[in-house]
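J.: Starting off with a structure, shown below.
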Protein chains: 2
Amino acid sequence: MTQDPRPPLPSAARTVFFVSDGTGITAETFGHSVLTQFDLRFRQIRLPFIDTMDKAYEAARKINEAFAADGQRPIIFSTLVKNDLSAVIRKSSGMHMDLIQTFVAPLEQELGVMSTHTIGRSHNIVDSEEYKNRIEAINYSLAHDDGQSHKNLSSADVILVGVSRSGKTPTSLYLAMQYGIKAANYPLIPDDFERDKLPSALLEFKNKIFGLSITPERLSEIRNERRAGSKYAAIENCRYEVNEAEKMMKREGIRWLSSTTKSIEEISTTILQEIKPNRREY
Amino acid sequence: MTQDPRPPLPSAARTVFFVSDGTGITAETFGHSVLTQFDLRFRQIRLPFIDTMDKAYEAARKINEAFAADGQRPIIFSTLVKNDLSAVIRKSSGMHMDLIQTFVAPLEQELGVMSTHTIGRSHNIVDSEEYKNRIEAINYSLAHDDGQSHKNLSSADVILVGVSRSGKTPTSLYLAMQYGIKAANYPLIPDDFERDKLPSALLEFKNKIFGLSITPERLSEIRNERRAGSKYAAIENCRYEVNEAEKMMKREGIRWLSSTTKSIEEISTTILQEIKPNRREY
């Protein structure tokens, strides 16, 4: 959380509220997707856990205050499941984008059943199989980060390989956290290139290996941030390692992608499509 | 990703598609929130990276096939920014919930500017400050997991404390990954209780400490999954540790919450509200 390097927000910037009876993560993620379609900047405020009428009135008050301060209608993305809470926000002075109501009503008609109007997935989520799987996967991925443990590689859903700093660790953690995927990761190091062989612990799991590569230029940049001026970060060394790693992956028939311009979300989505684990049903 | 313990999906289950020009994470997260309002089960298929007309036609073909196979309209949640791609999906046989079009058009009117209709946040995301902060925070949180390093605690945004297995590690990683928060975490162990003092490395950072507690029963359950029958997992020991930790946090004036029935998303959101870092603007 370093300081925002951009110039201060223009005083005419709109205020955006993300209002939810749960964490507000859905409202915020979705709101961001929509707002990035506009070449404007926004002042954003998250109002999570709005699950009583009192809190809803308090939220509406904050929205009305922003209107008074800005002289412009605030924009509201809300995911309030209960109609009475949602109605309070709807009566505020903001422009209300009600994500639930907008889509639940037509779905009730299409599916021929009424929605349960319970509050979110948040209740009992901790006891759900899906949640337990995610936590178990996070622990697994941490214990199998950077080739730390050879134990239980047979229970990995995927084993990421690649040179140091090609993006394996954050990708493994994201796969675990978002999808409950047990992702081990294993560095490809100069020793492996000299022996010209995959690390021996991996040989029997070749079918679940997925490779990450990266351009030598980008790799050198990233490594220089950690160890400026080192041989490890030198462009020639990065060229050598990347070249050897790619050669090895090609020869071994390992699927791989370049992480150079991809976010961990994009890398993870691609891996998921490739390894095609059985899709969760719910 | 252990096997789904639930009975097989009823053959009458609807198929749901999440269609996106990016990762599809927004469409899927949002779709889940809406679908959990219904006491039904769905067969779900993610179609990410639909960013050309060819891919859009291919997606529409899959949707039409699901209609033919199920005998019921599939449900589609889409976040396709480009009109021409979206139009292809709209003409398929599914029930199309177009998240972008539904909200972008009214926002264009409200904001008095046209949307840029560029594809998502995905392009250049890797070069954005926000993305770099997130990756830096993940590295920071990993390096400062479980009291591993006392170095640079001054750059932590928050330091989580609590007994072993109270949820510190997954919460730290989630705060880093989702919000770019540098979250260190530090265990409170029997040594600390005997000395009756916070770990000395933490004393100067008391203002950014946040505590996690948990009921002894739940803690014992979690610890037994890892070390069945150990003293570590025994209920009496868990009662002792939790009691001592809570006493210490109260005495030191440390804010804390119980993680017993809370997901890492809920814990993180609560911490974020408490430590109130300057809100990102964008």
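The values are calculated or read from the model by the stated rules, or taken from the named source; none is laboratory data. Since the model is a prediction, treat every value here as computed from it, not as a measurement. In this analysis, Cβ positions are derived from the backbone assuming ideal geometry, glycine residues included, and neighbour counts consider all displayed protein chains. Side chains included, ligands, DNA and RNA excluded: accessible areas come from the protein's heavy atoms. Shrake-Rupley method; radii C 1.70, N 1.55, O 1.52, S 1.80 Å.
J.: Name the helices (runs of 4 or more DSSP H) wholly inside the range A:32-132 in which the number of residues that are more than 24 Å from the chain's Cα centre (by Cα) and in contact (Cβ under 8 Å) with a residue 24 or more places away in the chain is 1 or more.
T.: Qualifying helices (runs of 4 or more DSSP H): A:53-70, A:83-90.
J.: Scan the range A:238-250 and tell me whether some residue there is more than 14 Å from chain B (Cβ to nearest Cβ) and at positive phi.
T.: Within the range A:238-250, none of the residues are more than 14 Å from chain B (Cβ to nearest Cβ) and at positive phi.
J.: For the range B:225-237, what are the residues that are closer than 12 Å to B:Arg165 by Cα and either more than 14 Å from chain A (Cβ to nearest Cβ) or open to solvent by less than 10 Å² (accessible area, probe 1.4 Å) (or both)?
T.: B:Tyr232, B:Ala233
J.: Could you list, ordered by first residue, the pairs with Cβ atoms under 6 Å in which the first is in the range B:226-244 and assigned by TED's automatic domain parsing to the domain that holds B:Val161 and the second is modelled with pLDDT under 95 and outside any helix (DSSP H, G or I), at least 6 apart or interchain?
T.: B:Ala233/B:Arg227
J.: Next question. For B:Ile63, only one of the following conditions fails: (1) at pLDDT 90 or above; (2) open to solvent by 20 Å² or more (accessible area, probe 1.4 Å); (3) more than 7 Å from chain A (Cβ to nearest Cβ). What is its number?
T.: Exception for B:Ile63: condition (2).
J.: So A:Ile222 passes all but one of these: (1) within 30 Å of A:Asn133 (Cβ to Cβ); (2) under 28 Å from the mean Cα position of the chain (by Cα); (3) not basic (Lys, Arg). Which condition number does it fail?
T.: With respect to (1) within 30 Å of A:Asn133 (Cβ to Cβ); (2) under 28 Å from the mean Cα position of the chain (by Cα); (3) not basic (Lys, Arg), A:Ile222 is out only on (1).
J.: Which members of the range A:27-60 meet the condition of being aromatic (Phe, Trp, Tyr) and within 9 Å of chain B (Cβ to nearest Cβ)?
T.: Once the filter is applied, which keeps residues that are aromatic (Phe, Trp, Tyr) and within 9 Å of chain B (Cβ to nearest Cβ), the range A:27-60 yields A:Phe30, A:Phe38, A:Phe42, A:Phe49.
J.: Then there's this: Tell me whether the range A:224-233 contains one or more residues that are at pLDDT 95 or above, of a type outside the set (S, T, N, Q) and not in a loop (DSSP other than H, G, I, E, B).
T.: No, the range A:224-233 has no match at all.
J.: Filter the range B:173-216 down to the residues that are hydroxyl-bearing (Ser, Thr, Tyr) and assigned to a helix (DSSP H, G or I), then identify the one that is surrounded by the fewest Cβ atoms within 10 Å (Cβ to Cβ).
T.: Only one residue tops the list, namely B:Ser200.
J.: So how many residues does the range B:77-130 have that are modelled with pLDDT of 95 or more and open to solvent by 50 Å² or more (accessible area, probe 1.4 Å)?
T.: Residues flagged as modelled with pLDDT of 95 or more and open to solvent by 50 Å² or more (accessible area, probe 1.4 Å) within the range B:77-130 amount to 2.
J.: Quick one: which of B:Asn83, B:Asn152, B:Asn133 is assigned by TED's automatic domain parsing to the domain that holds B:Ala183, polar (S, T, N, Q) and over 22 Å from B:Leu203 (Cα atoms)?
T.: The unique qualifying residue is B:Asn133.
J.: When you scan the range A:244-267, how many residues do you find that are loosely packed, with under 15 Cβ neighbours inside 10 Å and touching a helix residue (DSSP H, G or I) at 6+ places or on another chain (Cβ under 8 Å)?
T.: Of the residues in the range A:244-267, 2 are loosely packed, with under 15 Cβ neighbours inside 10 Å and touching a helix residue (DSSP H, G or I) at 6+ places or on another chain (Cβ under 8 Å).
J.: What pairs can you find where one residue is in the range A:171-199 and more than 9 Å from chain B (Cβ to nearest Cβ) and among the β-branched types (Val, Ile, Thr), the other is in a loop (DSSP other than H, G, I, E, B) and buried (at least 21 other Cβ atoms within 10 Å of the Cβ), and their Cβ atoms are less than 8 Å apart, with a gap of 6+ or different chains?
T.: A:Thr171/A:Ser259; A:Ile189/A:Val163
J.: Quick check on B:Ser164: is it of a type in the set (Ser, Thr, Tyr), in contact with a Pro (Cβ under 6 Å, 6 or more places away or on another chain) and open to solvent by 10 Å² or more (accessible area, probe 1.4 Å)?
T.: yes
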